[in-house]
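The values are calculated or read from the model by the stated rules, or taken from the named source; none is laboratory data. Note that this is a predicted model, so its numbers are computed, not measured. For neighbour counting, all protein chains shown are included, and Cβ atoms are generated from backbone atoms with ideal geometry for every residue, glycine included. Quick note on the areas: whole protein, heavy atoms, side chains included, nothing else; ligands and nucleic acids left out. Shrake-Rupley method; radii C 1.70, N 1.55, O 1.52, S 1.80 Å.
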Amino acid sequence: MNRRYHYVGPAEIRDQTRAGSPGHVISDQNDLADWLQKQAAEDRAEPFTFVVDVRGNLRLAPQRSEHVACAGGAPVLSAGEISFAWDGTRWLVSEISNQSTGYCPDVQPWTAVKAALLRAGIDHPDAFTRPIVFRRCPRCRQRNIVKDDDFACGVCQAPLPRIWNVDQPD
């Protein structure tokens, strides 16, 4: 069973999200190619926002989109940033991370991402190419990105838990 990640970012960003206008569902290679063709050339050179919705669908939006908007305000199985490259015959994932400060997913949701990419027939790496470790400080409640295996809060220096704990909203 995949964990569902709920939005934990700022309420004002969530409140700006229009329900019913989530990111584009990518169901196969043709759908991906069509969607990418509609994006501006400069946008194709940057990572895109992605989520895997609770039905296991890969959803894409331009990079400047919020993950909560891409998800239509709903919980997700994973979220992050994704880049594609053309190999001469088809699009494939060149880089992918779980970087989403709105959902702060753990690195374990790779299985949901992998399943969504396999279902769509999109070649991909074996894991996140840039995994991000998120933790919430038990003392000051600040969301943190753990860098260099330093599990200390960037705000108050309190120790951060070794297990994912970012499931409470701000």
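For the chain, what is the calculated [θ] at 222 nm in deg cm²/dmol (nearest 500), taking -39500 (n - 2.57) for each run of four or more DSSP H residues and dividing by its residue count? Only helices count here, giving -5000 deg cm²/dmol.
Phi-derived couplings, Karplus 6.51 cos²θ - 1.76 cosθ + 1.60 at θ = phi - 60°, listed residue by residue for the range 96-108: 7, 9, 9, 6, 8, 7, x, 9, 6, x, 6, 7, 5 Hz, with x used for Gly and Pro. Annotation: amide H of residue 48 within the under-5 Å range of 82, 83, sequence separation 5 or more or interchain, hydrogens built in the peptide plane. Accessible surface of the chain, 1.4 Å probe: 47 percent of it comes from carbon and sulfur atoms. Against the empirical 2.2 N^0.38 Å (N residues), the range 16-170 has a Cα radius of gyration ratio of 1.08.
Average accessible surface for the chain: 53 Å² per residue, computed with a 1.4 Å probe over protein heavy atoms with every protein chain in place. For the range 54-64, 3J(HN,Hα) computed residue by residue from phi via the Karplus equation (6.51, -1.76, 1.60; θ = phi - 60°) reads 5, 8, x, 7, 7, 10, 10, 8, x, 3, 6 Hz, glycine and proline entered as x. With contacts taken as Cα pairs under 8 Å at a separation of at least 6 residues, the range 106-170 carries a relative contact order of 26 percent.
Against the chain, whose longest principal axis comes from its Cα atoms, helix 29-38 is set at around 80 degrees.
Close amide H partners of residue 152, meaning residues 5 or more places away or on another chain with modelled amide H under 5 Å apart, are 160. Across the range 142-155, rounded Karplus estimates of 3J(HN,Hα) from the backbone phi angles (6.51 cos²θ - 1.76 cosθ + 1.60, θ = phi - 60°) give 6, 6, 10, 9, 7, 10, 6, 6, 9, 8, 10, 4, x, 9 Hz, Gly and Pro being marked x.
Modelled this way, with points 7 Å down the Cα-to-C-beta line, the labels at residue 55 and residue 87 are 2.8 nm from one another.
Amide H to amide H distances under 5 Å link residue 5 with 76, 77, where only residues 5 or more positions off or on other chains count and H is placed in the peptide plane. Projecting the Cα atoms of 48, 21, 60 onto the charge dipole of the chain, computed from C-beta unit charges around the Cα centre, puts 21 farthest toward the positive end. Label zone (residue 130, point 7 Å along Cα-to-C-beta; backbone nitrogen cut-off 19 Å) within the range 12-55: 42-52. Averaging the sequence gap over all C-alpha pairs within less than 8 Å and six or more residues apart, then dividing by the number of residues, gives the range 39-159 a relative contact order of 18 percent.
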